[in-house]
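K.L.:
I'd like to ask you about the structure that follows.
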Amino acid sequence: MGRKLLSIQAVLVFAFMYLPIAIVVAYAFNGGRQVLVWDGFSTRWFGEALRDEVIRDALRNSIVVAGGNAIVACVLGTMLALALPRMRSWVRTPIDALAYMTLVTPEIVFAIAALVFFVQAGSRLGLESPLGWHTILIAHVVFNASVVALVVRARWVSMGQHLEEASFDLGAGPVSTFRQVTLPRLAPAILAGGLLAFTFSFDDFITSFFVAGTNSETLPIYIWGQLRFGVTPAINATAAMMLALTLVVVVVAYLVLRRSGQERETGGLPGV
């Protein structure tokens, strides 16, 4: 009886979480202008959304920020993941705690702190408008570098150091060992971390809303702004496209991590 009640509770929780999303996606294919009145299947609103210059600009801003964030977060996160195991414990512990604190801090607290920092820094530098797409990028990198570091560090710890030691024994230097041995083995984890960083940045609203300024509107900010005037079929279509892109990136990241785990079990370098 208890297991049956637990199953019913789980179904209700999942329905509460995902049923509204399913409704938005379903009505994105509604052919009529009324949001909640079904008027036949159609994809016209996807075309309407893509022809809207404001939506295209917001989508372009989101992709540029998310892509730049993914690249920078991969570089900084990988450097952090490789540096932490080599640090002394009295240095590693506070840096490790700071990285994890970035992940567990409530996003609203992180967003307010980022806003205060950028405003204060801008006033000291004499900038009239310190907020923009660059502040969104920096704020996203601070968070997502920790995400990439967590993924890459798990891969680094689990794969062992025997191949690197063998490379040193054969006369290869640190740079050659990193380029020919370490980096190929870490590449799947770095790619997966970068895809996750792209997803988190592309979907982010709270941090972006606080540090965006007035001339840098991302797609989540645009959708929120339009919702204040009511939901339209074009907004449903925009949200559905955003969800589809996010799901594709998440699935690719999962497949990369899964393949990485299989290669770790079989041993050897990726692709060998």
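K.L.:
Can you give me the number of residues within segment 60-72 that are closer than 13 Å to Thr246 by Cα and among the aliphatic types (A, V, I, L, M)?
P.N.:
Count: 2.
K.L.:
Does Ala73 satisfy the condition of being open to solvent by less than 20 Å² (accessible area, probe 1.4 Å), of a type outside the set (D, E, K, R) and more than 30 Å from Gly160 (Cα to Cα)?
P.N.:
No.
K.L.:
So, one more: Working carefully through the options Ala234, Ala172, find the one that is modelled with pLDDT of 80 or more, surrounded by 13 or more Cβ atoms within 10 Å (Cβ to Cβ) and more than 24 Å from Ala73 (Cβ to Cβ).
P.N.:
After applying the criteria, what remains is Ala234.
K.L.:
Among (1) open to solvent by 40 Å² or more (accessible area, probe 1.4 Å); (2) in contact with a Pro (Cβ under 9 Å, 6 or more places away or on another chain); (3) not aromatic (Phe, Trp, Tyr), which single condition is Arg124 missing?
P.N.:
Of the numbered conditions (1) open to solvent by 40 Å² or more (accessible area, probe 1.4 Å); (2) in contact with a Pro (Cβ under 9 Å, 6 or more places away or on another chain); (3) not aromatic (Phe, Trp, Tyr), the odd one out for Arg124 is (2).
K.L.:
Anything in segment 25-66 that is hydroxyl-bearing (Ser, Thr, Tyr) and either open to solvent by 70 Å² or more (accessible area, probe 1.4 Å) or not in a loop (DSSP other than H, G, I, E, B) (or both)? List them, or say none.
P.N.:
Tyr27, Thr43, Ser62
K.L.:
Checking the condition in contact (Cβ under 8 Å) with a residue 12 or more places away in the chain and more than 20 Å from the chain's Cα centre (by Cα), which residue from Leu59, Leu84 passes?
P.N.:
When all the criteria are applied, what remains is Leu84.
The values are calculated or read from the model by the stated rules, or taken from the named source; none is laboratory data. The shown structure was predicted, so the numbers you read here are calculated from the model rather than taken from an experiment. Cβ sites come from the backbone with ideal geometry, for glycine too, and all protein chains shown count toward neighbours. The area values use the complete protein model at the heavy-atom level, side chains included, leaving out ligands, DNA and RNA. Shrake-Rupley method; radii C 1.70, N 1.55, O 1.52, S 1.80 Å.
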